[in-house]
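Single-structure report; data block below.
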Amino acid sequence: MTTIATAPATPPLYRTSIGKKMLMAASGLVILLWLIGHMLGNLKVWLNQREFDSYAEFLRRLGEPIFPHTVFLWLIRVVLTVAFVVHVYLAVDLSRRNRRARQTRYVRTARVQADMPAVTMRWGGLALALFVIFHLANFTWGWIHPGYRFVRGSVYANVVGNFDQWWLVAIYVAAMVALALHIYHGTWSIFQTFGANSRRWDRLIRRSAGALAIVMFVGFVSVPVGVLVGAIQ
Amino acid sequence: MTVAPEVPSAKPPTAAPHAPPAEAPREAPTRWRVAPADGAALDGHAPSGPITELWDRHRFDMKLINPANRRKNHVIVVGSGLAGAAAAASLGELGYRVSCFCYQDSPRRAHSIAAQGGINAAKNYRNDGDSVYRLFYDTVKGGDYRSREANVYRLAQLSVDIIDQCVAQGVPFAREYGGLLDNRSFGGAQVSRTFYARGQTGQQLLLGAYQALARQIHVGSVTMYSRTEMLDLVVADGAARGIVTRDLVTGEVQSRTADAVILATGGYGNVFHLSTNAKGCNATAIWRAHRRGALLANPCFTQIHPTCIPVAGDYQSKLTLMSESLRNDGRIWVPAKPGDTRSPNEIPEADRDYYLERKYPSFGNLVPRDIASRNAKEVCDEGRGVGPGGRGVYLDFSDAIARLGVEVIKERYGNLFDMYERITGENPYRVPMRIYPAIHYTMGGLWVDYNLMSNLPGLFVLGEANFSDHGANRLGASALMQGLADGYFVIPYTLANYLATAKPPPVGLDHPSFKASESDVAARTGRLLAIGGRRTVDDFHRELGSLVWELCGMSRSAEGLTKLLDQLPSLREEFWTDVTVPGMGAELNQSLEKAGRVADFMELAELLAIDALHREESCGGHFREEFQTPEGEALRDDDHFAYVAGWEWSGEKGSIEPVTSGPLPTPILHKEALRFEHVKFSQRSYK
Amino acid sequence: MSATSVTGLAGVQPAPPDSDSGPDEHLLDLTLHVWRQAGSGAEGEMVRYAAPGISTHMSFLEMLDVVNERLIKEGKDPIAFDHDCREGICGMCGLVINGVAHGPQAATTTCQLHMRHFTDGDIIYVEPWRAGPFPVIKDLIVDRGALDRIIEAGGFITAPTGSAAEANAAPVAKDDADLAFDNAACIGCGACVAACPNASAMLFTAAKISHLAALPQGQPEREHRTLAMVAAQDSLGFGGCTNIGECAAVCPKEIPMESIARMNRELLRASLKRGRSKRR
């Protein structure tokens, strides 16, 4: 009598912890690509008020005439929101699974090699999520505008008004530190999670991820700091 | 094979070449009895005919079991090493209901995993003249003519299938750039027939067998019981019908019935306390089977490995083997004068004694294991040993490093040097290594016939636990071969034949034999826990080990063995009155586990010594100081000792009550005559 | 965690130094904090033990042997810990020493760690592997059966005894054979799970998937094996990978993170292939 190992039903990819990680990586990649565009667009503030405000208006006209006014921008916003929701939902889902797996903690813990970006993904990510809401309330919805008058559409003036205040700059710089750490580990993780990493390429991927994180940090931070020191008026 | 002609063991050895003066004091056989010649013959049941066809013919002659009927048979396999895992997996695949037991937390951890060197097979991939017949010939000769020719021939035949099987399982053997399997020459063999997976061949072969076993566990044909130790064999109505086990986590003692019991529980090297065996390796399964009537064969055939890291202190818990290949480039020496405490690099050439090169100019540092070992002991006995306790010799690579460069040495032995440094804290690139022999393998074990069945019907014994294929000395890279041959390719056939022709009627747990075994086990456990003495189990194990190692280790003499036999009963008596075993039976209790094992070692040690005393010759791993050539070589006595010594427990077989005072009941010697029709007797020389 | 209780061993004299011992042997007076737990259901606690007179030549487990012998002589319950081969290959031993699985020396199992890596007066915390799927059985012993379940789910090549082809019929490129071996070197000790903050068994699972996927013999079951083993590791309650790399850092056999990337790739491949075969 031969015994045949029957193929039991295995869950579809998106139900496995690795599949969920891949979805996290994919949604993270969408957000990252958008962030790169966001950062490059922000740099226009260094040119002059007209260039920057017309860039903001351009975003609303994007996709015309195939799409009506602002529709493409809204499409981007929808995709981004979905990516964001997926990213956060899976982060919570996977974190809960991970916590269940290690309920009893060690009396003594010591890290052997894990770097700070790797171990701060969870809390750093939470901080970033809160920052995104703050950021939207600050510049998109205009709910928070301490010490200056928020004018919808006057993007340049809003930015300059906002970052004339050191404590707002401090919040943004701190958030960008968290973002840079998140991007560093996240970018490397995208390669690792999709299996595109190997011992041979690991160093290059890590360095590229680090370079990207630094570029993103400098690009984003240049605006509030530029305003604060008076380089942008 | 037929029964041995009676040889009165009191008779002095007849004049072999270079025989010592016959004046050597001879023990009158008061410590053992020879089975009467007209009694039941000890017969290996090897079929007769041309040796090349024996196994094929036998396979045809054996009865088969219909696939649909196999699941009606329940088979117990104890041990999950190469032999046990291979047997359990193969029998599960065939459709038998199998229960497999191991004391570790997973079957993957059995001590086969620690084998480093490789596995022999007569593939002749090198085109260097190897063949099944040559492997057979080398193994019989290497075993110093104390193994059964028919078994060894079958082993050599099956070696070829083993490699195929393991490769199919995904065992990552070393390969050449062309993609084909690599081979090396091992242990002085003139052909390259050893397959290897870096220095972890045993691990890879075991994982192959373990994975095959895991597949059967998954489909439900094998039920695995990890952390479960066999504490008794149940013999009901003359056949092996089950075992009694203790769950090492809960302490629960349980009986289990079976239609056949397979023991694959490894060797008894830990009787010496310090050995290269794992800490948990034990002889309890085979010793309890022996107490229930199974013959134990050739226990004095123990193998010593010359290149182990020496003992560092009293706390030493085990010895670690360093691959024998180190002797290819290392030079072995000790200070020329006793008591030289200078550090090795300060001792000038003139004050060093490269004793192997001096005494064996043609083989030098590459003399066989037993010769290298005995010489190390000799120089240490002279007070010239080095390192803690003076039990060690130098293995010096400075010449090789000067000749070949550090890089070459690093490439050849890098991981061994790292391991040495991890353990000793010394850098062998700068300071000579220190090595000393240690017990490594036991050729003796339960007696089995050609079908691997013991004298108890239904009790099969595989791998190191049986005595069968290595004679008095095992060749390097042959242990893995035997374990897998037994498990994959022998037992599936011979077990079927037994079940088809001699399967005993069903038996229940209410059979008195089961009740008796269970209560015996409970009584032993209770007794150990109740002693409440002052000495720990480890303390007794250390004392036992140093006694047996000293008096029945690398070299033995009638005088030393007699001394050992006089001391063992009192040690045992002290154990049973002064050992302390904390805790309870109904819990995880590692002290209790150890105590049970050490108690069995204490009894087994006595039979080991008696066997060594009775075998008045030197052969293989058994070296009697009285029986050597003028050059100090082992002197075999083929006229009187070309037989297998199968020892019978002469005490009450219905009980496993420990022997707590006086010597063991006088063991009874059964002889299985060995005939060598293909490999003719010859004496080796390494001068 | 309950308060640390103190068991005094003050009356125990350190062993006298061995006059024959090597020149670099020192004796250490150590303080141990060891996790003691009577059984799987019981509450555990860290218990302090004085361990005077420990030779630098001892292995970590020999140090525990010595402590245990002293405990037994005092009529106390010795510390239960798993161990077997004591040469770094069986995978049975494993302790978290000062927060690091298998202790401070890289690429070294607990049994091969020697006391010369500690200094006189050291305080050493000894804890069991901690992971949901590894419940504590007693003291420092945990149940690692979940690792066996992962292998049983698919970590094998179906090659029933007797069905094998001639060994040299399928050549394997040396690089592939070496890759297979590097991953097959896993000893199943579970340090990767113990070190992972998520108690993930990814490195263990990845090692076996990598080993078998690298060989031609492993191809027919390649996709099924990956799907089944990943599903098993999930369903047994192990956590997921957050690419931190503690597993590879403590692995005594130095299985790399690269193997996890390969497993992810294999899973993606298997899932895509499954999608195709379903449509057919």
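Values in this text are rule-based calculations from the coordinates and carry no lab data. Since we're looking at a predicted model, the values are computed, not measured. All Cβ positions, even for glycine, are placed from backbone atoms using ideal geometry, and neighbour counts span all protein chains on display.
Computed 3J(HN,Hα) for the range B:593-609, one whole-Hz value per residue from the Karplus formula 6.51 cos²θ - 1.76 cosθ + 1.60 where θ = phi - 60°, is 4, 4, 4, x, 5, 5, 4, 5, 4, 5, 7, 4, 4, 5, 5, 4, 5, glycine and proline marked x. For the protein assembly as shown, DSSP calls about 70 percent of its internal beta bridges antiparallel.
Which entries in B:Lys63/B:Lys515; B:Lys141/B:Lys594; B:Lys279/C:Lys253; B:Lys318/C:Lys208; B:Lys72/B:Lys279 show an alpha-carbon gap greater than 26 Å? Violating the 26 Å Cα-Cα cut-off are B:Lys63/B:Lys515; B:Lys141/B:Lys594; B:Lys318/C:Lys208; B:Lys72/B:Lys279.
In loop segments of the range B:329-375 as defined by DSSP, the trypsin sites (Lys or Arg not before Pro) with at most 11 further C-beta atoms inside 10 Å of their C-beta are B:Arg342.
Quick one: dipole size for chain B, taken about the Cα centre, charges +1 on Lys/Arg Cβ and -1 on Asp/Glu Cβ, in debye to the nearest 20.
The calculated dipole for chain B is roughly 1280 debye.
In this structure the amide hydrogen of B:Glu625, modeled in the peptide plane, comes within under 5 Å of the amide hydrogens of B:Arg556, B:Ser557, none closer than 5 places in sequence on its chain. For the range A:143-233, applying the loop criterion from DSSP together with a ceiling of 12 other beta carbons within 10 Å to the chymotrypsin sites (Phe, Trp or Tyr not before Pro) yields A:Trp143. Which of rounded, prolate or oblate describes the range B:306-438 when judged by the alpha-carbon gyration tensor and an a/c cut-off of 1.5? Rounded, since a/c falls under 1.5. Helix B:512-531 and the longest principal axis of the Cα set of chain B meet at an angle near 50°.
For the range B:420-431, backbone phi angles converted through the Karplus equation (6.51, -1.76, 1.60; θ = phi - 60°) give residue-by-residue couplings of 4, 5, 4, 7, 9, x, 10, 8, x, 6, 10, 10 Hz, Gly and Pro being listed as x. When you filter the chymotrypsin sites (Phe, Trp or Tyr not before Pro) in the range B:274-352 for DSSP loop state and at most 16 other Cβ atoms inside 10 Å of their Cβ, nothing is left. Shape of chain B from the C-alpha gyration tensor: rounded (a/c under 1.5, with a ≥ b ≥ c the square roots of its eigenvalues).
Take each residue of peptide B:115-123, count the partner chain Cβ atoms within 10 Å of its Cβ, and average: the result is 1. With the cut-off at 1.5 for a/c, could you classify the protein assembly as shown from its C-alpha gyration tensor as rounded, prolate or oblate? Prolate is the answer for the protein assembly as shown, as a/c is 1.5 or above and a/b outweighs b/c. Can you tell me the 0 to 90 degree angle between the C-alpha axis of helix B:149-169 and the longest principal axis of chain B, rounded to 10? So the inclination is approximately 90 degrees.
Averaged over peptide C:255-266, the number of partner chain Cβ atoms lying within 10 Å of each residue's Cβ comes to 5.
Legend: mean number of C-beta atoms from other chains within 10 angstrom of residue C-beta atoms, peptide C:174-180, equals 5. The relative contact order of chain C, computed from alpha carbon pairs under 8 Å that lie at least 6 residues apart in sequence, is 17 percent.
In the protein assembly as shown, taking the dipole from charged Cβ atoms about the Cα centre, the farthest positive-side position among B:Ser546, A:Ala137, C:Ala207 is held by A:Ala137.
Our summary gives the range B:306-438 a relative contact order of 34 percent, counting only alpha carbon pairs under 8 angstrom and 6 or more residues apart. Can you tell me the orientation of helix B:537-552 relative to chain B, as the angle in degrees between its alpha-carbon axis and the longest Cα principal axis, to the nearest 10? Between helix and principal axis, roughly 60 degrees. Annotation: amide H-H contacts under 5 Å for C:Val142 (H modelled 1.01 Å from N, sequence separation of 5 or more, or interchain): C:Ile137.
Near the amide H of C:Tyr125, within less than 5 Å, lie the amide hydrogens of C:His33, C:Asn98, all on another chain or at least 5 residues away, with H placed in the peptide plane. Phi-derived couplings, Karplus 6.51 cos²θ - 1.76 cosθ + 1.60 at θ = phi - 60°, listed residue by residue for the range C:80-97: 7, 8, 7, 5, 8, 6, 6, 9, x, 10, 7, x, 6, 7, x, 10, 8, 10 Hz, with x used for Gly and Pro. In chain B, the DSSP beta bridges split such that about 65 percent are antiparallel, to the nearest 5. Relative contact order of chain A: 26 percent, from C-alpha pairs under 8 Å at least 6 residues apart in sequence. Which aspartates and glutamates have a Cα less than 12 Å from the Cα of C:Lys138, not counting those fewer than 8 places away in the same chain? Leaving aside aspartates and glutamates fewer than 8 places away in the same chain, those within reach of C:Lys138 are B:Glu587, C:Glu43, C:Glu45, C:Asp77, C:Asp82, C:Glu127.
Each of the trypsin sites (Lys or Arg not before Pro) that DSSP puts in a loop and that has at most 11 other Cβ atoms within 10 Å breaks chain A; the longest unbroken stretch is A:1-104.
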